Amino acid sequence: MTEPTTAQPTDYETIRVERSGRVAWITLDRPDALNALNTQLMQELVAAATELDRDDSVGAIVVTGSEKAFAAGADIKEMSSRSTAQMREANHFGPWLDFARVETPVIAVVSGYALGGGFELALMCDVILAADSATFGFPEIGLGVIPGIGGTQRIVRAIGYPKAAELVLTGRRIDAAEADALGIVSRVVPAAELRAEAERLAESIATKSLPALKAAKAALDAALETGLEEGLALEAERFTALFDTADQKEGMAAFSEKRKPAFRHR
Ligand code: CAA
């Protein structure tokens with residue numbers, strides 16, 4: 001296992017950012033509030049992710065929390081007394097759009113509670129690796145509100161309407177095994193193995209050619225956002241555009257020469 005080194009601004013208060021080779025780790029760090037996503041945490045997380053996205057030495061971004069909580073949702077105490085006008089004024093959830101626009105692959109590594117906005121944050125990521133201790137759910141309906149950072153849209157796309165509707169309308173919490181069976185998570189591993197497995201997974205993505213990773217992510221996104229013909233056209237264009245990259249030449253030469261490719265990420 002590679003020891004992570006801090007290589008990003010250290011003035012964040014609600015997250016920690018560390019680098020390990022081509023993998024960047026963002027750890028949510030509000031332990032007293034089970035990583036509830038208040039405005040400061042949202043701004044710091046989005047700022048860190050967009051900055052890492054501009055850095056070609058980063059091939060994968062991991063977002064994780066603590067053993068007890070990935071994130072227990074938006075910060076209820078921060079928003080409880082606000083009016084609709086104040087919520088609009090605060091643009092409470094707008095910055096999450098920038099997080100969802102990150103082009104570098106993002107991996108959610110989830111242990112413990114991923115509720116409400118925490119679940120929605122995981123759904124914004126490309127891959128969700130969960131510990132067997134993970135718990136997912138949309139408790140918002142029991143608070144008199146609904147998911148507000150993409151939950152209703154992404155859960156329907158992930159698992160289909162009927163199963164999504166049950167989760168959103170009842171607020172029922174599900175464990176990692178049920179999340180796995182529903183197809184919400186990419187994979188479930190024993191809690192004790194989560195960190196090592198996350199490192200292996202992130203490394204296996206981050207060492208691939210960055211232009212190819214970004215093209216793959218854009219094409220996968222298109223499958224959710226466009227019709228089939230438009231998606232096929234985008235995939236074909238992104239595939240074709242990679243033939244002007246050094247990494248495509250290197251990847252295919254390495255295959256012929258029966259060696260591992262040495263990607264330069266351009
Ligand atoms: N917002 C603010 N504070 C929260 C929080 C949240 N979402 N979740 C937990 N906390 C705080 C608790 O208030 C508590 O603080 P105090 O010690 O100051 O009282 C601390 O974190 C520890 O929490 P608990 O004592 O409740 O811990 P627990 O182990 O007994 O329960 C839990 C854990 C089941 C996750 C419980 O904390 C809980 O139900 N949290 C709220 C979950 C929730 O409803 N999330 C949805 C929020 S709304 C939303 O997310 C909208 C959206 O779509 C953006």
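The values are calculated or read from the model by the stated rules, or taken from the named source; none is laboratory data. Just so we're clear, the structure is a prediction, and the values are computed from it rather than from any experiment. Note that we place each Cβ from the backbone using ideal geometry, even for glycine, and neighbour counts take in every protein chain shown. Keep in mind that these areas ignore ligands, DNA and RNA; they rest on the heavy atoms of the full protein, side chains included. Shrake-Rupley method; radii C 1.70, N 1.55, O 1.52, S 1.80 Å.
A few remarks follow.
- Computed from Cα atoms alone, the Kirkwood hydrodynamic radius reported for the chain is 19.3 Å.
- Applying 1/(1 + (r/R0)^6) with R0 = 30 Å to the Cβ-Cβ distance of residue 80 and residue 166 gives a FRET efficiency near 0.70.
- Cut-off under 5 Å, modelled amide H: who pairs with residue 15 long-range: 29
- Taking the DSSP beta bridges with both ends in the chain, the antiparallel portion is around 30 percent.
- Per residue, the chain exposes 52 Å² of solvent-accessible protein surface, assessed with a 1.4 angstrom probe and all protein chains in place.
- Reach of residue 208 by Cα under 27 Å, taken over lysines that are not fewer than 8 positions away in the same chain: 217, 249, 258, 260
- Distant-in-sequence amide H partners of residue 62 (H built 1.01 Å from N, under 5 Å): 24, 25, 26, 107
- For the chain, the fraction of 1.4 Å probe accessible surface lying on carbon and sulfur atoms is 54 percent.
- Two-site label geometry, residue 233 and residue 196: point separation in nm, points 7 Å out along Cα→Cβ: 4.9 nm
- Integer Hz, Karplus 6.51/-1.76/1.60 couplings in order for the range 213-221, x for Gly and Pro: 4, 5, 5, 4, 5, 4, 5, 4, 4
- Stretched out straight at 0.36 nm per residue, the stretch from residue 178 to residue 67 would grow longer than its current Cα-Cα span by 38.0 nm.
- For residue 110, the amide hydrogen comes within under 5 Å of the amide hydrogens of 129, 130, 131, counting only partners 5 or more places away or on other chains and with H modelled in the peptide plane.
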